[in-house]
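The values are calculated or read from the model by the stated rules, or taken from the named source; none is laboratory data. What you see is a predicted model; the values in this text were computed from it and never measured. Cβ placement follows ideal geometry from the backbone for every residue including glycine, while neighbour counts extend to all protein chains displayed.
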Amino acid sequence: MAEVEKTRGLEAKGVFFRYEVDESEKVLALAGVDLEIRQGEFVVVLGPNGSGKSTLAKHLNALLLPDEGDVWVFGMNTKDPGLTWEIRRSAGMVFQNPDNQLVATVVEEDVAFGPENLGIEPGDIRTLVAEALKSVGMEAFSRHSPHHLSGGQKQRVAIAGVLAMKPKCIILDEPTAMLDPSGREEVMKTIKRLNQELGITVIHITHFMDEALYADRVIVMDKGELVMSGTPKEVFSQWKEISQIGLEVPPVGQLSRRLWSSGANIDSGTLTVDELVDELCRLRSQT
Amino acid sequence: MPIEVANLTHTYMKGTTSEVTAISGISFRIDDGEFVGLIGATGSGKSTLIQHLNGLLKPTSGKVMVDGVDIWSKGVSLKEVRRKIGLVFQYPEQQVFEETVYDDIAFGPRNLGYSQTEVESQVKKACALVGLAPDLLSRSPFELSGGQARRVAIAGILAIQPKVLILDEPTAGLDPRGRTEILDNIKALHRNGMTVILVSHNMDDVARLCERVMVLDRGKLVADGPAREVFSRREFLESMRLKPPEVTILMEKLRKRGWAVRNDVLTVEEAYAEIVEELRRKGVAGAV
Ligand SMILES: Nc1ncnc2c1ncn2[C@@H]1O[C@H](COP(=O)(O)OP(=O)(O)OP(=O)(O)O)[C@@H](O)[C@H]1O
Ligand SMILES: Nc1ncnc2c1ncn2[C@@H]1O[C@H](COP(=O)(O)OP(=O)(O)O)[C@@H](O)[C@H]1O
Ligand SMILES: [Mg+2]
Ligand SMILES: [Mg+2]
């Protein structure tokens, strides 16, 4: 049994959740979600506004509990009150606004906040903080004030704050929404590296369709339900469904599809600039 | 109502040890009916700059002139300035005060002394422009998803029908359809005469919509010109932590591989046309 538990990732079975707006009105936010995320997987969550992404994310670290159904985090049922802290430690969250996640006046104090709350020895905290800052490439800034960092750097510090608790999973709810293009790339590369090098499970919510290309698997939410799941290529090849839901194929994908449908002999599912350049040069040299 | 900024500098917490000069020596003029994009890294001073344009921040030095009048000179009503120049804040929570979504959007029009029926019609119109479902109107603004809250913030400013609309990263957190539809609706308002200033990190949106683009870098205005010109300077943009749209980069890479295509393409449609042209020239079979 213990053996099996260890390999379990994150699971949701038949999860319903309603927000109570007032006595008479409830909002159905999750309408029967079944989901399994393997340990070490990089999952990107897409979906229109109000489709339940943030609500789902909050279920995966026991900030919200299902009205019906169950959520297990690495084998721990979120409904067990005795496990809440262990669940939050093993599945940490990062949010959208880089400015109100950092509270301390020095970067390393901010990162130490989580482990301090867990009652870890000061000596060990120092090691955890140093390791965490190194993992996000921010070790040179440990004594800086967070206010003077760029948006992308602030988000990397927020990620380090989660890492310092030695989580198995990081859940990021639109961490790139407020960042400039470089900051966005910095954050995406950082979480990809944490996933590949440390084996940390990543659940990343975004409205930037191109960020889906970093994922092993893309899942799409609509009206509280999980409606699509597959590799980025699989999901974006269903372009009709994608646009019906209110999402879109990334620009390069749109261009590939248009060229293909007007007769150019290229892979219609090409999604990145470099791949499309290669496809087109191959085509052009066939004369 | 043209807006003119002359040698504008703003220093936060002036005279303390933590003083920060967020923008310095900025001058430009925006004429009626322009659609201007303002881009720059996080912390480059975009939000600071635009909050001067309707008198929410007072210049440390320099001038802001609206219709040729210094808005900080005696006798100018800032309230009047703010009804003509509407600003949608970067963070929706900076803008939410009321008990319900309806009251929140109605706040502006009520403040302007509109009758109840006028208020109602303005709220309705604004909701349609931002794609906000009517059943959300009775909810508390704190019981919304991120993207819904963003729509409420935009609707609240549209409801006062400003002559100049300034949007600070309005599409952050919006889903793709919402982003496109809201911006298209704003473009339509612009065609009917509204001046628009769009602050955004979404280079595709700026490239698609803005005729003129201004670039801020560490508090200084470092570029100001036609979108096509600014976005064809990839290395310059990258040095400012910015990036041209993906299709612009694609065209640059094709040129490096010997393609005779333009380097100032901004949209998927333009890229498509250029590529098809080149394939035809080369006589590639099947390229329509
Ligand atoms: N605190 C709350 N009280 C009541 N209803 C809420 C609350 N938070 C969210 N909702 C509602 O629950 C549904 C799902 O919201 P959720 O925040 O999970 O969406 P989301 O997919 O994260 O959207 P977005 O892309 O806009 O962030 C929506 O209908 C929303 O209006
Ligand atoms: N209220 C404030 N108090 C002190 N400093 C501020 C305040 N608002 C912004 N700043 C500082 O001013 C600079 C410009 O910030 P901002 O105008 O928000 O840039 P942007 O909108 O381009 O991200 C940054 O260094 C920021 O830290
Ligand atoms: Mg959300
Ligand atoms: Mg800003």
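Mind listing just one residue for me: the one in region A:23-40 that is in a loop (DSSP other than H, G, I, E, B) and out of contact with any Leu (no Cβ under 9 Å at 6 or more places or on another chain) and, of those, nearest to A:K189 (Cα to Cα)? Explain how you work it out, then say what you get.
Of all residues in region A:23-40, those in a loop (DSSP other than H, G, I, E, B) come to A:23-25, A:38-40.
Add one more test, that the residue is out of contact with any Leu (no Cβ under 9 Å at 6 or more places or on another chain), and what stays is A:23-25, A:40.
On the way: A:E23: 45, A:S24: 46, A:E25: 42, A:G40: 16 Å.
Going through the qualifying residues, I end up with A:G40.
Suppose the filter is within 24 Å of B:M240 (Cβ to Cβ), within 13 Å of ligand 2 (Cβ to nearest atom) and within 14 Å of chain A (Cβ to nearest Cβ); does B:T9 pass it? Talk me through it step by step, then tell me what you get.
Numbers: within 24 Å of B:M240 (Cβ to Cβ): yes; within 13 Å of ligand 2 (Cβ to nearest atom): yes; within 14 Å of chain A (Cβ to nearest Cβ): no.
Answer is no for this residue.
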* Asked: Within region B:93-104, can one find any residue that is within 14 Å of chain A (Cβ to nearest Cβ), within 16 Å of ligand 3 (Cβ to nearest atom) and buried (at least 18 other Cβ atoms within 10 Å of the Cβ)?
  -> no
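Counting residues that are surrounded by 14 or more Cβ atoms within 10 Å (Cβ to Cβ), free of Cβ contacts under 8 Å to residues at least 40 places away in the same chain and away from every other protein chain (no Cβ under 14 Å), which strands (runs of 3 or more DSSP E) fully inside region A:193-245 reach at least 1?
Numbers: elements: A:201-205, A:217-222, A:225-230.
Per the criteria, A:225-230.
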* To do: Return the total of residues in region A:265-287 being within 30 Å of the chain's Cα centre (by Cα) and part of a loop (DSSP other than H, G, I, E, B).
  => 6
* Asked: Restricting attention to region A:95-112, which residues are within 13 Å of chain B (Cβ to nearest Cβ) and at pLDDT 90 or above?
  -> A:F95, A:Q96, A:T105
* Could you tell me which numbered condition B:L174 fails, if it satisfies all but one of (1) away from ligand 1 (no atom under 16 Å from the Cβ); (2) in a loop (DSSP other than H, G, I, E, B); (3) in contact with a helix residue (DSSP H, G or I) (Cβ under 6 Å, 6 or more places away or on another chain)? => (1)
* Asked: Restricting region B:178-211 to residues that are farther than 20 Å from A:Q96 by Cα and within 16 Å of ligand 1 (Cβ to nearest atom), which is farthest from the other protein chains (Cβ to nearest Cβ)?
  -> B:I182
* To do: State whether the residues of region A:93-114 include one that is under 19 Å from A:K13 (Cα atoms) and either in the same structural domain as A:H144 (by TED's automatic domain parsing) or surrounded by 14 or more Cβ atoms within 10 Å (Cβ to Cβ) (or both).
  => no
* Asked: Can you tell me how many residues in region B:270-288 are facing chain A (nearest Cβ under 7 Å) and part of a loop (DSSP other than H, G, I, E, B)?
  -> 6
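Name the single residue, out of those in region B:253-269 being in a helix (DSSP H, G or I) and surrounded by fewer than 19 Cβ atoms within 10 Å (Cβ to Cβ), that is farthest from the other protein chains (Cβ to nearest Cβ).
B:R255
Evaluate the following for A:K192: is it charged (D, E, K, R), touching a strand residue (DSSP E or B) at 6+ places or on another chain (Cβ under 8 Å) and within 29 Å of B:S44 (Cα to Cα)? Working first, answer last.
Numbers: charged (D, E, K, R): yes; touching a strand residue (DSSP E or B) at 6+ places or on another chain (Cβ under 8 Å): yes; within 29 Å of B:S44 (Cα to Cα): yes.
Spelling it out, A:K192 is indeed charged (D, E, K, R), touching a strand residue (DSSP E or B) at 6+ places or on another chain (Cβ under 8 Å) and within 29 Å of B:S44 (Cα to Cα).
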